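The values are calculated or read from the model by the stated rules, or taken from the named source; none is laboratory data. Since the structure is predicted, the reported quantities are computational estimates derived from the model, not experimental observations. With ideal geometry, Cβ positions are generated from the backbone for all residues, glycine too; neighbour counts draw on all protein chains shown. Surface accessibility is based on the protein's heavy atoms, side chains included, excluding ligands, DNA and RNA. Shrake-Rupley method; radii C 1.70, N 1.55, O 1.52, S 1.80 Å.
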Amino acid sequence: MKLNINIYTEVNQVISRLNNQHRWISMITEHKYNELSKQALNSMISYVIACYCENDGQEIKWERFPRIALYRAFYKSYVSYATPEQILKEICEMGNIDKSAFDAATRAIISERTDRDFMQFISQDCDTFEYRIFRAATKIATLIELKEQAVWIRNNEEISLKTKEVIKSLTEFLDIKVIRELLQENNSVFKIFQRISMLRNSNRWAAFPYIVHCNVLGHLFDTAIFAYFIGLEEFGGNEEIATKMFFMGIYHDIAEAWTTDIPSDIKDRITGFREATEKFEDLKLQKYVYDVIPHFLKRKIKEVMFEEEDNLQYKKLMKGADYLSADSECWRQFVAGSRETYFLTSPIKGFDIQLMSGYKAKLPPLARELHDKFMRYAEQIVVMLPVF
């Protein structure tokens, strides 16, 4: 599979569509639950389940997970949308339709919107153990969402019914030993996921009049996908490195579940504040994550954390992915009709200065081309703005 700019731009469209797909439309959720955030949580939980399986002696093909996540993103964006699996199943049974037709449709759409090679690349893992892990992770992520809603929508029959359905559906994955452990009351790892899930309530660009909600949890998936492509591009298609960068993106802001999202311009404006913030985040991660999980899992999570010395070689590329995610979020505001000048000038042009200086971020050529496309779109709008 050879990357091209069309793949970058189409995946950006997929990310945007995921961000717009609201979950639990039969309940009042204030737009906090969308498919983009869900895919971030799915990927995070998949990593942990796979770590447990590997520790138990199961061979794990780590490079499959980003491909599975991409395939599921296209599937959710263009085929299944927000329709619950049970409803799709009942409709198919009524029409005597084989469920495999959905995979066929997904692959056709991926081919049409990107190319056949890319379709084959991301759809090759649907009958694997790693795909089962990912499916189990989606169930657990759904259970977390339902438990959140049950806290503030009390005595809701629909939540109770759906919770029972999800727990029942997880029985097909109980041969994966850790699934049973995660479902036990007061499991420390499950509680960590619950806390990280709260990042869906932390809205990026919160100080500005936004049109499209972009939360920190969804931002993790944006960054992970862009990091994955940047890794493939920068390292000549090396999936091992690209996969590592994918999970670095998934985990890169989890400390904000305990520290909140502090804007970068404030961190850089006050001398020493960025360094102090990073130390504070390290302390929170130590207390609330590393001190309460098994040693092998602590070691595996640290393998994909920005702060670890072995990962400093990827930091500029990861910052580039982080900035591309912000570009994409601003672009969504533009497309939706926002003319807020901060979205039009400060983030994208500020990032461009950093990219050109090479001080904090780096983008390989195709990723840079996507950044430039965002820039041109913004500049066309800036020209039309009256001076205020």
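A few notes on this one:
- Residue within the stretch 26-33 that is part of a helix (DSSP H, G or I) and either modelled with pLDDT of 95 or more or out of contact with any His (no Cβ under 6 Å at 6 or more places or on another chain) (or both) present: no
- Here Ser16 does not fit the description of being touching a Lys or Arg at 6+ places or on another chain (Cβ under 6 Å), over 24 Å from Phe121 (Cβ atoms) and either outside any loop (DSSP other than H, G, I, E, B) or of a type in the set (Ser, Thr, Tyr) (or both).
- Residues in the stretch 185-202 that are closer than 19 Å to Asn20 by Cβ and surrounded by fewer than 16 Cβ atoms within 10 Å (Cβ to Cβ): 1 in all.
- Residue tally, condition free of Cβ contacts under 8 Å to residues at least 24 places away in the same chain, more than 20 Å from Gln124 (Cα to Cα) and in a helix (DSSP H, G or I), over the stretch 85-105: 10
- Any hit, the stretch 291-307, residues being free of Cβ contacts under 8 Å to residues at least 12 places away in the same chain, over 21 Å from Ile192 (Cβ atoms) and surrounded by fewer than 23 Cβ atoms within 10 Å (Cβ to Cβ): no
- Qualifying residue in the stretch 120-127 (condition: small (Gly, Ala, Ser), out of contact with any strand residue (DSSP E or B) (no Cβ under 9 Å at 6 or more places or on another chain) and part of a helix (DSSP H, G or I)): no
- Which numbered condition Ala82 fails, given (1) more than 22 Å from the chain's Cα centre (by Cα); (2) among the small types (Gly, Ala, Ser); (3) in a loop (DSSP other than H, G, I, E, B): (1)
- Annotation note: of Arg113, Arg132, Arg107, Arg72, the sole residue that is surrounded by 12 or more Cβ atoms within 10 Å (Cβ to Cβ), within 26 Å of Gly237 (Cβ to Cβ), within 20 Å of the chain's Cα centre (by Cα) and of a type in the set (D, E, K, R) is Arg72.
- Every test in (1) of a type in the set (Phe, Trp, Tyr); (2) buried (at least 16 other Cβ atoms within 10 Å of the Cβ); (3) not in a helix (DSSP H, G or I) is passed by Phe208 save one, and that test is (2).
- Some residue of the stretch 2-23 being farther than 26 Å from Glu233 by Cβ and without any contact (Cβ under 8 Å) to a residue 40 or more places away in the chain: no
- Meets criteria (in contact with a helix residue (DSSP H, G or I) (Cβ under 9 Å, 6 or more places away or on another chain), farther than 19 Å from Met119 by Cα, modelled with pLDDT of 95 or more and open to solvent by 40 Å² or more (accessible area, probe 1.4 Å)) for Glu63: no
- Where a residue in the stretch 106-117 is at negative phi and its partner, wherever it lies, is of a type in the set (D, E, K, R) and open to solvent by less than 90 Å² (accessible area, probe 1.4 Å), with Cβ under 6 Å and at least six apart: Arg113/Glu10; Thr114/Glu10
- Within the stretch 135-168, the set of residues being open to solvent by 30 Å² or more (accessible area, probe 1.4 Å) and either closer than 29 Å to Ile60 by Cα or in contact (Cβ under 8 Å) with a residue 60 or more places away in the chain (or both) comprises Arg135, Lys139, Ile153, Asn156, Glu158, Glu165, Ile167, Lys168.
- Condition met for Arg274 (under 21 Å from the mean Cα position of the chain (by Cα) and on the phi < 0 side of the Ramachandran plot): no
- Flag for Tyr47 being in contact with a Pro (Cβ under 9 Å, 6 or more places away or on another chain), under 30 Å from Pro294 (Cα atoms) and assigned to a helix (DSSP H, G or I): no
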